[in-house]
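The values are calculated or read from the model by the stated rules, or taken from the named source; none is laboratory data. Bear in mind that the values here come from a model prediction, so they are computed numbers and not experimental data. Cβ placement follows ideal geometry from the backbone for every residue including glycine, while neighbour counts extend to all protein chains displayed. Note: accessible area is taken over every heavy atom of the protein model, side chains too, but ligands, DNA and RNA are not part of it. Shrake-Rupley method; radii C 1.70, N 1.55, O 1.52, S 1.80 Å.
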Amino acid sequence: MIIDLDKIATEGRSEASRRIDTVTTEDLVRIINDADKAVAAAVEKILPAVAAVIDKTAVRIRAGGRLIYVGAGTSGRLGVLDAAECPPTYNTPPELVQALLAGGKEAMFRAVEGEEDKPQQGAADIRTLSLTATDTVIGLSASGRTPYVIGALVCAKELGAYTVSVTSSPGSKLAAVADRDLCALTGPEVVTGSTRMKAGTAEKMILNMISTGVMIRLGKVYGNLMVDVKATNEKLAERAVRIVISATACDRADAEAALTACGGKAKTAIVMLLRHLSADAAEEALLKNKGHIRPTIEDTRHEL
């Protein structure tokens, strides 16, 4: 089958980089940097749609749902990266934010390009997750035509999940399948068709916004502090201490004592110190407020 690349926005040729192979290395990197400056502006244009996806996803997760990314190649690897960073940053269970990558784990480290052309495999991989209407499935494809991702999103929609496409080419096949399309028009790449560049950067920015925004809405951030951080190494343990000190204005000894009493949970330690509660009582108070610190301590009149 012949693919009409002329209809895919990410396959256009950049005028600014037509002679990039003839310029100095400093000029080369300036051309790339100038192109990258357009990415944030492209993402800015779709912020209302990104916000809507965050709100809908947060509601579904509160109802027991999950956030699932699906992609191939660079797009898929970015989904894997975002999903992998949620447990240590926000202390989420591994199954809450997941990623499907065409070609499986091997494709994370080595290109398995042919796998992206299999829509039936995308559908089969989705079926292994036992989706429900509370799940959100986000398909990642710069071109918006990746068969694996389209197959996965079609299946996810049939199973009742909320579906989203993240693309950089308008009017794509993937967008036609999704409930919501997040299309950041990043334009032609410096190296024609190399969508790991501007389009990939846009995808990373959008995924950062979605996962971070969802976690904020779930109460895993207080002020701008990642209060659900999982202290699994020395750096993160020290960060937990600093978070408790920043949130409560206590001294280091009190922060460490509170963290020890509650098993290293920064969120619990903050409530313990601000409301003068035991670890168990602080946990109970947080539970009543669905894990959100502000309503739990609002009667303390404490502000960051």
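Does residue 190 count as open to solvent by less than 10 Å² (accessible area, probe 1.4 Å), touching a helix residue (DSSP H, G or I) at 6+ places or on another chain (Cβ under 9 Å) and not acidic (Asp, Glu)? Write out each step before concluding.
Working: open to solvent by less than 10 Å² (accessible area, probe 1.4 Å): no; touching a helix residue (DSSP H, G or I) at 6+ places or on another chain (Cβ under 9 Å): yes; not acidic (Asp, Glu): yes.
In short, no.
Exactly one of these conditions fails for residue 18: (1) assigned to a loop (DSSP other than H, G, I, E, B); (2) within 28 Å of the chain's Cα centre (by Cα); (3) over 30 Å from residue 132 (Cβ atoms). Give me its number.
Among (1) assigned to a loop (DSSP other than H, G, I, E, B); (2) within 28 Å of the chain's Cα centre (by Cα); (3) over 30 Å from residue 132 (Cβ atoms), residue 18 violates only (2).
The conditions are (1) in contact (Cβ under 8 Å) with a residue 40 or more places away in the chain; (2) farther than 23 Å from residue 144 by Cα; (3) open to solvent by 60 Å² or more (accessible area, probe 1.4 Å); (4) not hydrophobic (A, V, I, L, M, F, W, C), and residue 45 fails exactly one of them. Which is it?
Among (1) in contact (Cβ under 8 Å) with a residue 40 or more places away in the chain; (2) farther than 23 Å from residue 144 by Cα; (3) open to solvent by 60 Å² or more (accessible area, probe 1.4 Å); (4) not hydrophobic (A, V, I, L, M, F, W, C), residue 45 violates only (2).
Mind checking whether some residue in region 124-133 is assigned to a helix (DSSP H, G or I), touching a residue at least 12 places away in the same chain (Cβ under 8 Å), crowded, with 20+ Cβ neighbours inside 10 Å and among the hydrophobic types (A, V, I, L, M, F, W, C)?
Yes; the residues of region 124-133 include at least one that is assigned to a helix (DSSP H, G or I), touching a residue at least 12 places away in the same chain (Cβ under 8 Å), crowded, with 20+ Cβ neighbours inside 10 Å and among the hydrophobic types (A, V, I, L, M, F, W, C).
So residue 52 clears everything in (1) in a helix (DSSP H, G or I); (2) farther than 29 Å from residue 210 by Cα except one condition, right? Which one?
With respect to (1) in a helix (DSSP H, G or I); (2) farther than 29 Å from residue 210 by Cα, residue 52 is out only on (2).
So, of the residues in region 94-107 that are open to solvent by less than 60 Å² (accessible area, probe 1.4 Å) and more than 14 Å from the chain's Cα centre (by Cα), which turns out to be modelled with the highest pLDDT?
First, the residues of region 94-107 that are open to solvent by less than 60 Å² (accessible area, probe 1.4 Å): 96-104, 107.
Next, only the ones that are more than 14 Å from the chain's Cα centre (by Cα) stay: 101-104, 107.
Numbers: 101: 96, 102: 93, 103: 91, 104: 88, 107: 84.
Applying the filter and picking the extreme gives 101.
Here are some conditions: (1) modelled with pLDDT of 95 or more; (2) closer than 30 Å to residue 167 by Cα. Residue 243 meets all but one. Which one does it not meet?
Looking at each condition in turn, residue 243 falls short on (2).
Name the single residue that is most open to solvent (accessible area, probe 1.4 Å) among those in region 251-295 being touching a residue at least 40 places away in the same chain (Cβ under 8 Å) and on the phi > 0 side of the Ramachandran plot.
290
Results for (1) basic (Lys, Arg); (2) at pLDDT below 95, shown as yes or no for each residue.
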{"position": "2", "(1), (2)": "no, yes"}
{"position": "9", "(1), (2)": "no, yes"}
{"position": "27", "(1), (2)": "no, no"}
{"position": "32", "(1), (2)": "no, no"}
{"position": "42", "(1), (2)": "no, no"}
{"position": "45", "(1), (2)": "yes, no"}
{"position": "48", "(1), (2)": "no, no"}
{"position": "53", "(1), (2)": "no, no"}
{"position": "57", "(1), (2)": "no, no"}
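Quick one: residue 238 ticks every box in (1) within 17 Å of the chain's Cα centre (by Cα); (2) acidic (Asp, Glu); (3) surrounded by fewer than 18 Cβ atoms within 10 Å (Cβ to Cβ) except a single one, so which number is it?
Result: residue 238 passes all but (1).
Output the number of residues of region 82-93 satisfying the condition of being of a type in the set (Gly, Ala, Ser) and open to solvent by 70 Å² or more (accessible area, probe 1.4 Å). Give the derivation first.
Narrowing region 82-93 to residues of a type in the set (Gly, Ala, Ser): 83-84.
Subset that is open to solvent by 70 Å² or more (accessible area, probe 1.4 Å): none.
Selection size over region 82-93: 0.
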